[in-house]
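One structure is given below, encoded as structure tokens.
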Amino acid sequence: MKKKQLFAGALAAAMMTASLVGCGGGTPSSTASADTSSGVVEVTIPSYKTGENAGAAFFVPQVERFNEKYAGKYKINLESVPQDGIFNDRLKQLAQQNKLPVLVQGGDPDWVKNVVIPNGLAYDLTDWIDATPAIKDVLIDDSREYCSNEDGRVMFMPLATVRPIGFFYNSAMWSTDADISAMSMDEFISALGDQKIAFSTAENGWVSSLFLTALVAQEDGGEEWLKSGIETKITDFNQPCFINAVAKLQNLLQNNAASNSVGAAYADAANAFMSEQAAIIANGPWMSSEFESSNSDKWSNGFDGAKVRASLFPGDVGIANTATFGEWWISASAPEDEIALAKAFLEFIYSPAELEAYLLAEGGDAPKLTYSDGFKAKQGETQVLADLTADTTTDTVFVPNICDMIPASVANTEFGKLLPSLADGTCTPEQFAQWMSDKAAEASAE
């Protein structure tokens, strides 16, 4: 994969933000400073993982655990800001005022790439990471590469966890003694027989897009083609890896699709799976809660969530974009004592205990972490999460969802419009590829 060139920020972006890195004494860029009377370094950081946000259930107690561990030395307070554009606007406003918090939680990716990093607003994490094996050893390689500039300096905290998307299957309807993720896609399709898949073809064709992504990834050059969209959106679909994958998707739509698939939104596909109209549905680990007995009011026709198992796609393919920024970065102009706090916090949340707690709370995997026996036992209580973890290894091939690699207007509406014509055979794979190319070209020209 071509190395990400984060320091290729546009001149216009640099000029626009020149005032952010101007000369002169100026005040520290943090929103808080040390409590000199008590000796406690105390900071306040804006966060969207507060209040009613789903992430607050884990993140707020995590900050409390950090504060308890470092009581009398460090303390983090959270400023609640909504997750939508308000949060990103808040960070940009603080940057313009030279008041960025020492710990910055994300931000608009384009702003980070074109403004924050080229203008030196982010603290260089390289030496600290390399001197902290407990962190260095758990970072995902693709994420570290993406978070580095062309000299290999790490400017944004890489990911240690990933939430790969695979598929769920009803073992009461279909199962195999073979390791599904170790199969080839052709072997999987053969083993599937006439069992049904709960596809969705309306809206953005979510379930169909996941299967298509996995099919492309198994074609020669498919993995590289999908990842090429990380840098520049894919607009040319007249590629053998795509056309061959579409042909296999067409075969599945014609022979293995649940009866309600044509015109089905995601909710319809989920209902088909949880009413035993289909043996398989593709989705992320967050769907695991749907199979708990507390959600049995959504089940029908004898469906039993306890019978559901999970697997990554054949070829050990997990759908996840690991070439991406992590959640955190440190403000370069913060005082040294606050930077020490920030490093302590990052080391805390990347510790084995906290990573395991996060995975138990929100699902996913830390591919380079050796799990404790206690974690494995606890995770084993949710069978589908245990299945996905067992499949996810250092050999797993992570690829981004194809719909994230193409222009948004094509992915969100146009892609789903043509899927029914694949199912009824009025569109060939070659025609599908040309149609996608035409729509992508139109979107890019707008």
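The values are calculated or read from the model by the stated rules, or taken from the named source; none is laboratory data. Predicted, not measured: the structure shown is a model, and the values here were computed from it. Cβ: placed from backbone, ideal geometry, glycine included. Neighbour counts: every protein chain shown. The area values use the complete protein model at the heavy-atom level, side chains included, leaving out ligands, DNA and RNA. Shrake-Rupley method; radii C 1.70, N 1.55, O 1.52, S 1.80 Å.
Quick notes on this one:
- Flag for residue 361 being out of contact with any helix residue (DSSP H, G or I) (no Cβ under 8 Å at 6 or more places or on another chain), open to solvent by 20 Å² or more (accessible area, probe 1.4 Å) and either assigned to a helix (DSSP H, G or I) or of a type in the set (A, V, I, L, M) (or both): no
- Pairs, first on the phi > 0 side of the Ramachandran plot in region 257-276, second of a type outside the set (S, T, N, Q) and crowded, with 19+ Cβ neighbours inside 10 Å, C-beta under 6 Å, six or more apart: 263/202; 276/303
- Among the candidates 139, 159, 125, the residue that is under 20 Å from residue 317 (Cα atoms) and open to solvent by less than 10 Å² (accessible area, probe 1.4 Å) is uniquely 139.
- The one condition in (1) touching a Pro at 6+ places or on another chain (Cβ under 7 Å); (2) part of a helix (DSSP H, G or I); (3) in contact (Cβ under 8 Å) with a residue 24 or more places away in the chain that residue 144 fails to fulfil: (3)
- Residues that are open to solvent by less than 50 Å² (accessible area, probe 1.4 Å) and not in a strand (DSSP E or B) within region 38-53 comprise 48, 49, 50, 53, listed in sequence order.
- Pairs with Cβ under 7 Å, 6+ apart, first in region 38-51 and in contact (Cβ under 8 Å) with a residue 60 or more places away in the chain, second open to solvent by less than 20 Å² (accessible area, probe 1.4 Å) and polar (S, T, N, Q): 43/30; 45/105
- When the test is whether a residue is in contact with a helix residue (DSSP H, G or I) (Cβ under 6 Å, 6 or more places away or on another chain) and either farther than 25 Å from residue 324 by Cα or open to solvent by less than 50 Å² (accessible area, probe 1.4 Å) (or both), residue 398 does not pass it.
- Residue under evaluation residue 56, criteria (1) open to solvent by less than 40 Å² (accessible area, probe 1.4 Å); (2) at pLDDT 90 or above, criterion not met: (2)
- Residues of region 424-434 include at least one that is among the hydrophobic types (A, V, I, L, M, F, W, C), touching a helix residue (DSSP H, G or I) at 6+ places or on another chain (Cβ under 7 Å) and closer than 23 Å to residue 228 by Cβ.
- Residue pairs whose Cβ atoms lie under 6 Å apart, sitting 6 or more positions apart in sequence or on different chains, and linking a residue in region 372-400 that is more than 21 Å from residue 142 (Cβ to Cβ) and in contact (Cβ under 8 Å) with a residue 60 or more places away in the chain to a partner that is open to solvent by 50 Å² or more (accessible area, probe 1.4 Å) and of a type outside the set (S, T, N, Q), are 387/309.
- Sole exception among (1) open to solvent by less than 20 Å² (accessible area, probe 1.4 Å); (2) without any contact (Cβ under 8 Å) to a residue 40 or more places away in the chain; (3) not hydrophobic (A, V, I, L, M, F, W, C) for residue 153, by number: (1)
- If you go through region 417-434 and keep only what is crowded, with 17+ Cβ neighbours inside 10 Å and in a loop (DSSP other than H, G, I, E, B), you end up with just 427.
- Filtered residues of region 115-169 (kept if touching a Leu at 6+ places or on another chain (Cβ under 7 Å), closer than 30 Å to residue 307 by Cβ and of a type in the set (Val, Ile, Thr)): 161, 165
- If only residues of region 282-320 that are in contact with a helix residue (DSSP H, G or I) (Cβ under 7 Å, 6 or more places away or on another chain) and at pLDDT below 90 are counted, the one that is most open to solvent (accessible area, probe 1.4 Å) is 292.
- In region 341-355, the residues that are open to solvent by less than 20 Å² (accessible area, probe 1.4 Å) and among the charged types (D, E, K, R): 354
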